[in-house]
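For reference, the structure discussed in these notes is given below.
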Amino acid sequence: MSVYDAIVVGAGVEGSSAAYHLSKNGKRTLLLEQFPLPHSRGSSHGQSRITRKSYGKDEFYTDMMMEAFPLWEQLEKESGTSLYRQTSLLLVSGPSDRNVEETQHALQTRNIPHQIIPSGRELKEKFPNLEYPDNYRFLLDYSGGLLYADRAVKAFQNEFKRNGGILKDGEPMLNIYPGDIITVRTTEGEYRTHNLVLCPGPWAPKVLEKIGLNPPLKPIKVIACYWKEKTPGEHGSSRFPTIIHCGGDIYALPAYEYPGLFKLALHSGPESNPDHRDAVDDGWILEKVQKYVATHLPSLEPVPSVKENCMYTLTPDSNPIIDTHPKWKNIAFGVGFSGDGFKLAPVVGKLLCELVTGRTPSYSLEPFRLGRFSKSRL
Ligand SMILES: Cc1cc2nc3c(=O)[nH]c(=O)nc-3n(C[C@H](O)[C@H](O)[C@H](O)COP(=O)(O)OP(=O)(O)OC[C@H]3O[C@@H](n4cnc5c(N)ncnc54)[C@H](O)[C@@H]3O)c2cc1C
C-alpha cells in the first residue's frame with residue numbers, strides 16, 4: 001500500500017482549504033468526506049457568509065484577515081470564479097458595549113478604511129430602514145462584504161484536484177492508528193499517511209476522541225432565517241451592508257441568496273448532536289429574531305419566509321483550536337470555529353499545512369492552542 005504525504009478528514013471549508021494548501025505545496029494528499037458532496041449537514045453549506053477585517057479586542061484576527069483577503073483573491077484568479085462582493089460591514093454597539101471602540105483601534109492602527117457613525121439618528125440618514133436608539137454607536141468597515149460560500153468550498157476542492165489531490169466523498173473515516181506512519185480506516189478500506197489533518201466540524205468530539213483527546217467543544221444548531229422585504233429592492237447588496245450586532249447576538253446579510261429575502265439570524269442555538277441536528281427544541285430562537293426584526297428592521301415582514309438549519313462548534317473562549325496532537329506531531333487539527341471561521345479559511349488551511357509540514361506557523365498559535373483548556377489553565 002502506498003503512503004500519502006497527507007490525509008485530510010472533512011471536506012468543509014477548513015479541510016478543503018488545508019487540502020488545497022497541501023497539494024499546492026507538492027504534497028500527495030487524500031481528502032476524505034463522510035457524505036456525498038455537496039451536503040448540508042455541517043457548517044459550510046449555503047451561498048453566503050460575512051467577511052470583514054474588523055474584529056474587536058482580538059486584533060490578531062484583523063492581521064489574519066489582512067492576509068485572508070488576498071488569499072481569497074488568489075483563489076478567485078486560480079479558479080476563474082468570483083467569490084466576494086463588497087458591501088461594507090456595519091458593526092452595531094449598544095450603550096454598554098465597547099465593540100465599536102475596540103474595533104476602531106484595530107482598524108486605525110492598521111490604516112484600514114472605516115467610518116464611525118455616532119448615533120442612531122445619523123445611521124438612519126444613511127440607512128433609512130435601520131431603527132436603532134440614538135445612544136447606539138456604529139462602525140462601517142468598508143472591506144466588509146459577502147463571500148459566496150458554496151462556490152468557495154467548491155473552488156478549493158477543484159483547485160486541490162487540479163494540483164493532483166484525490167477527493168473521496170461518501171466515505172466516512174472510522175478509525176485512526178497513530179505512529180510515524182498513520183493508518184486511517186474508512187468504510188472502504190485502509191490508507192497510510194505520513195501526516196493527518198482533522199477538520200471534522202461539529203463531529204470533532206467524536207473524531208478527536210479516537211486519538212485520546214476530549215477538548216471542551218459544544219456543537220449547536222443554528223437557524224439562518226430569510227425575511228421578505230415589504231418594499232421590493234430596498235435590502236439588496238448594492239444598498240445594504242452586512243451587519244453584526246455582538247451585544248444582540250445577531251448578524252445579517254443583504255438580500256442575495258433568494259431575491260427579495262434579507263438574511264438575519266441569531267448567532268446562537270441549542271446544543272445538538274450533528275447526527276440528530278433537527279431533533280432539538282429551537283422555538284426560542286425564532287421568538288428572539290422576530291423581536292429583533294420588529295424592533296430594528298420594521299421594513300421586513302415580521303415572520304421569516306425561509307429557515308435553514310446549520311451547525312456551529314463552540315469553544316469556551318470562541319477561538320478555534322488549531323494545533324498538533326500533544327504526542328503525535330504529525331496529526332494536526334482545526335476545530336471549534338464557533339460560527340466565525342469561514343472568512344479565515346485560506347489562512348487556517350495555510351496554518352494547518354505549515355503545522356504538518358514542520359514549517360514555522362505564519363501566526364502565533366497561542367490563542368488557538370489545545371493546551372489553553374487544560375485543567376491547570378482553566
Ligand atoms: C448559518 C451559519 C452562518 C455562518 N456565518 C458565518 C459568517 O458570516 N462568516 C464566517 O466567517 N463564518 C460563518 N459561519 C461559520 C463558518 O461557516 C464555519 O466556521 C465553517 O464553515 C466551519 O467549517 P469546517 O470545515 O470546520 O466544518 P464543516 O463545514 O462542518 O466541515 C466538516 C466536514 O467534516 C466531515 N466529517 C466529519 N467527520 C467525518 C469523518 N469521520 N469522516 C469523513 N468526514 C467527516 C463532515 O461531514 C463535514 O463535511 C457560519 C456558520 C453557519 C452554520
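Coordinate-derived values only; no laboratory data. Keep in mind that this is a model prediction, so the values were computed, not measured. Positions of Cβ are backbone-derived with ideal geometry, glycine not excepted, and every protein chain shown enters the neighbour counts.
The residue list A224, A332, T193 was ranked by how far each Cα lies along the charge dipole of the chain toward its positive end, using unit charges on Cβ atoms, and T193 comes out on top. Every pair of different Cα atoms in the range 307-378 enters the Kirkwood calculation, which places the hydrodynamic radius at 13.1 Å.
Normalising the average separation of contacting C-alpha pairs (under 8 angstrom, six or more residues apart) by the number of residues puts the relative contact order of the range 107-166 at 29 percent. Counted residue by residue at 0.36 nm each, then reduced by the alpha carbon distance between them, the extension gain from D249 to H267 reaches 6.0 nm. Using a simple spin-label model with pseudo-atoms 7 Å out from Cα toward Cβ, E59 and K206 lie 4.2 nm apart. Summing charges over neighbours of G334, with a neighbour being any other residue whose Cβ is under 9 Å away from its Cβ, gives -2 when K and R count +1 and D and E count -1.
With contacts taken as Cα pairs under 8 Å and at least 6 residues apart, the range 288-378 reaches a relative contact order of 24 percent.
Determine one quarter of the surface area of the Cα convex hull of the chain, which equals its mean projected area, and express it in nm² to one decimal. Average projection, Cα convex hull of the chain: 18.3 nm². If you sort the three axes of the alpha carbon gyration tensor as a ≥ b ≥ c, you get a/c of 1.5 or more for the range 86-210 and a/b above b/c, which makes it prolate. The overall shape of the range 205-344 is prolate: from the C-alpha gyration tensor, with semi-axes ordered a ≥ b ≥ c, the ratio a/c is 1.5 or greater and a/b exceeds b/c.
With springs connecting C-alpha atoms under 10 Å apart, model the chain as a Gaussian network and identify which of R359, R121, R277 has the largest mean-square fluctuation. Residue with maximal mean-square fluctuation among R359, R121, R277: R359.
Roughly how many nanometres apart are two label points built 7 Å out from the Cα toward the Cβ at D169 and N25? A separation of 2.6 nm, rounded to one decimal place. For D97, neighbours were defined as the other residues whose beta-carbon sits under 13 Å from its Cβ, and their charges (Lys and Arg +1, Asp and Glu -1) total 0.
Distance between the pseudo-spin-label points of R359 and K77 (7 Å out from Cα toward the beta carbon): 1.7 nm. Note: the range 250-290, Cα convex hull, 94 Å³ per residue. For the chain, with a Gaussian network of springs between Cα atoms less than 10 Å apart, report the residue from E131, E188, E234 with the top mean-square fluctuation. Of E131, E188, E234, the most mobile in the Gaussian network model is E188.
Contact order, relative form, for the chain: 23 percent (alpha carbon pairs under 8 Å, 6 or more residues apart, mean separation divided by residue count). For an R0 of 30 angstrom, estimate the FRET efficiency from the Cβ-Cβ distance between R110 and D278 and round to the nearest 0.05. Working from the Cβ atoms, E equals 0.10.
Just checking the listed ones, A18, A149, A294: in the Gaussian network model of the chain with Cα springs under 10 Å, the one fluctuating most is A294. About its Cα centre, how strong a charge dipole does the chain have in debye, to the nearest 20, once Lys and Arg get +1 and Asp and Glu get -1 at the Cβ? For this selection, approximately 540 debye. Between the alpha-carbon centres of the range 144-197 and the range 16-68 there is a gap of 13 Å.
Scanning the chain for long hydrophobic helices, with DSSP H runs required to stretch 27 angstrom or more by C-alpha along their axis and to average at least -1.0 on the Kyte-Doolittle scale, returns 59-79. Note on D282, D180: ascending count of other Cβ atoms within 10 Å places them as D180, D282, the fewest first. Here the extension length gained between K230 and K307 equals 25.9 nm, from 0.36 nm per residue of separation less the Cα-Cα distance. Excluding same-chain neighbours fewer than eight residues apart, the lysines reachable from K218 by a Cα-Cα span under 20 Å are K206, K210, K375. Residue-normalised convex hull volume from the C-alpha trace of the range 320-359: 50 Å³ per residue. DSSP finds beta bridges in the chain, and of those with both partners inside it, around 70 percent are antiparallel.
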